[in-house]
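Participant: My questions will all concern the structure given below.
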Amino acid sequence: MEKLQFDDMKKTWYEIARYQEKEMDIKFELEIHKKLLDIFQVGDYYYYIFNPATASFEYVSENVVNIMKVEKPDDFTPQYVFENMHPDDQNRFLAHEQKVAEFFSRLTPDQVLKYKVSYDYRMKTTSGDYKWILMQTVTIQTDDQGAVIRVIGIQTDITNLKTNNHPSGLSFIGLAGEPSYHNVLVNDIVTITSDSISFTAREKEILKLILSGKTSSEIALLLFISKHTVDSHRKNILKKSNCKNNAELIAKVVSEVLL
């Protein structure tokens, strides 16, 4: 299942890159370090260069060894990231990356270089413990049509800053005067496609909020209904979808959206 989901994730990255592979000018690396100083906060972090067309890291900084406890930077790959992500965060990661692809597809070629993407998730180290990782990425190479060729990303250990296990939302931070969009809802990309499942309008609304990581209490506040009512809808959704729990439900809906 994890391998299948990772393959789906690669398809999304290929879409962002518009299925292109281009060699990177070595001189371009000099600009990468300038980007780090200009855009990212310095902390306990590692950074990488990601090529969405090949779904690979072309470079990972040495500090990943200290933070994630891997033997060498080459061991840290996109597939490693996904497979060692907390199971409760994987579907949210998929949904966020789908939203990123959708967002960038609407930008002009000039705007593609002017946005930073930010959200967090939990990653398991080789020691078996989980760390909260804040991921921030910026496009550093595009073509004339705005296809993303290369991305520089920084992942910061924010475990000590977390007071609970609630994730931060997906944000698109505008640079060079572009507007920013914080805590973007990802439910726009979620559609119920199975003809065998007939959800009511309210159930679809609640399902979308579940997929965005909201608790029953949070959903109740957003929809101005009681938590008991939300829980009743959640039980009906699980029954109609023939799912035993939320994890199974989320996996089922995400697979229908991506396949």
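Participant: When you scan region 168-182, do you find a residue that is in a loop (DSSP other than H, G, I, E, B) and closer than 23 Å to Pro87 by Cβ, even just one?
Facilitator: Yes, there is a match, as at least one residue in region 168-182 is in a loop (DSSP other than H, G, I, E, B) and closer than 23 Å to Pro87 by Cβ.
Participant: Sticking with this structure for a sec: Quick check on region 231-245. Is at least one of its residues at pLDDT below 85, closer than 19 Å to Asp89 by Cα, among the hydrophobic types (A, V, I, L, M, F, W, C) and under 25 Å from the mean Cα position of the chain (by Cα)?
Facilitator: Yes, because at least one residue in region 231-245 is at pLDDT below 85, closer than 19 Å to Asp89 by Cα, among the hydrophobic types (A, V, I, L, M, F, W, C) and under 25 Å from the mean Cα position of the chain (by Cα).
Participant: For Thr125, which of the numbered conditions (1) at pLDDT 90 or above; (2) over 17 Å from the mean Cα position of the chain (by Cα); (3) among the polar types (S, T, N, Q) fails to hold?
Facilitator: Evaluating Thr125 over (1) at pLDDT 90 or above; (2) over 17 Å from the mean Cα position of the chain (by Cα); (3) among the polar types (S, T, N, Q) leaves (1) as the failure.
Participant: I would also like to ask the following. Mind telling me which of the residues Ile225, Ile206, Ile237 ends up being out of contact with any His (no Cβ under 6 Å at 6 or more places or on another chain) and assigned to a helix (DSSP H, G or I)?
Facilitator: When all the criteria are applied, what remains is Ile237.
Residue by residue, here is whether (1) modelled with pLDDT of 80 or more; (2) loosely packed, with under 15 Cβ neighbours inside 10 Å; (3) farther than 23 Å from Gly128 by Cβ; (4) β-branched (Val, Ile, Thr) holds:
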{"site": "Met24", "(1), (2), (3), (4)": "no, no, yes, no"}
{"site": "Val64", "(1), (2), (3), (4)": "yes, no, no, yes"}
{"site": "Val70", "(1), (2), (3), (4)": "yes, no, no, yes"}
{"site": "Gln79", "(1), (2), (3), (4)": "yes, no, no, no"}
{"site": "Asp88", "(1), (2), (3), (4)": "yes, no, no, no"}
{"site": "Phe93", "(1), (2), (3), (4)": "yes, no, no, no"}
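Participant: Collect the residues in region 123-145 that are free of Cβ contacts under 8 Å to residues at least 40 places away in the same chain and touching a helix residue (DSSP H, G or I) at 6+ places or on another chain (Cβ under 8 Å), keeping them in residue-number order.
Facilitator: Trp132, Thr139, Thr142, Asp144
Participant: Consider Asn242 carefully, then state whether it is surrounded by fewer than 18 Cβ atoms within 10 Å (Cβ to Cβ) and at positive phi.
Facilitator: Taking the combined requirement at face value, the residue satisfies it.
Participant: Continuing with this model, one more query. Is it the case that region 43-58 has a residue that's within 13 Å of Gln155 (Cβ to Cβ) and assigned to a helix (DSSP H, G or I)?
Facilitator: Checked against the condition, which is being within 13 Å of Gln155 (Cβ to Cβ) and assigned to a helix (DSSP H, G or I), region 43-58 yields no hits at all.
Participant: A further question follows. Given the condition within 28 Å of Glu62 (Cβ to Cβ) and touching a helix residue (DSSP H, G or I) at 6+ places or on another chain (Cβ under 6 Å), answer yes or no: does some residue in region 169-188 qualify?
Facilitator: No; the residues of region 169-188 include none that is within 28 Å of Glu62 (Cβ to Cβ) and touching a helix residue (DSSP H, G or I) at 6+ places or on another chain (Cβ under 6 Å).
Participant: What are the residues in region 95-112 that are without any contact (Cβ under 8 Å) to a residue 40 or more places away in the chain and either under 24 Å from Tyr45 (Cβ atoms) or buried (at least 20 other Cβ atoms within 10 Å of the Cβ) (or both), if any?
Facilitator: Listed by number, the list holds a single entry, Val112.
Participant: Return the only residue of Thr156, Thr215 being within 21 Å of the chain's Cα centre (by Cα) and modelled with pLDDT under 90.
Facilitator: Answer to the check: Thr215.
Participant: Identify the residue in region 49-62 that is more than 15 Å from the chain's Cα centre (by Cα) and aliphatic (A, V, I, L, M) and, among all such residues, is modelled with the lowest pLDDT.
Facilitator: Ala53
Participant: For Asp75, all conditions in the list (1) at pLDDT below 90; (2) among the acidic types (Asp, Glu); (3) surrounded by 12 or more Cβ atoms within 10 Å (Cβ to Cβ) hold save one; what is the number of the exception?
Facilitator: Going through (1) at pLDDT below 90; (2) among the acidic types (Asp, Glu); (3) surrounded by 12 or more Cβ atoms within 10 Å (Cβ to Cβ) one by one, Asp75 breaks only (1).
Participant: Of the conditions (1) modelled with pLDDT of 85 or more; (2) under 26 Å from Val65 (Cα atoms); (3) polar (S, T, N, Q), Thr142 clears all except one; give me its number.
Facilitator: With (1) modelled with pLDDT of 85 or more; (2) under 26 Å from Val65 (Cα atoms); (3) polar (S, T, N, Q) applied to Thr142, the lone miss is (2).
Participant: Next question, about the same structure. Just the residues that are hydroxyl-bearing (Ser, Thr, Tyr) and touching a His at 6+ places or on another chain (Cβ under 8 Å), please, taken from region 116-160.
Facilitator: Tyr119, Tyr121, Tyr130, listed by residue number.
The values are calculated or read from the model by the stated rules, or taken from the named source; none is laboratory data. Here the structure is a predicted model, which is why all the values come from computation and not from measurement. We place every Cβ from the backbone using ideal geometry, glycine too, and count neighbours over all the protein chains shown.
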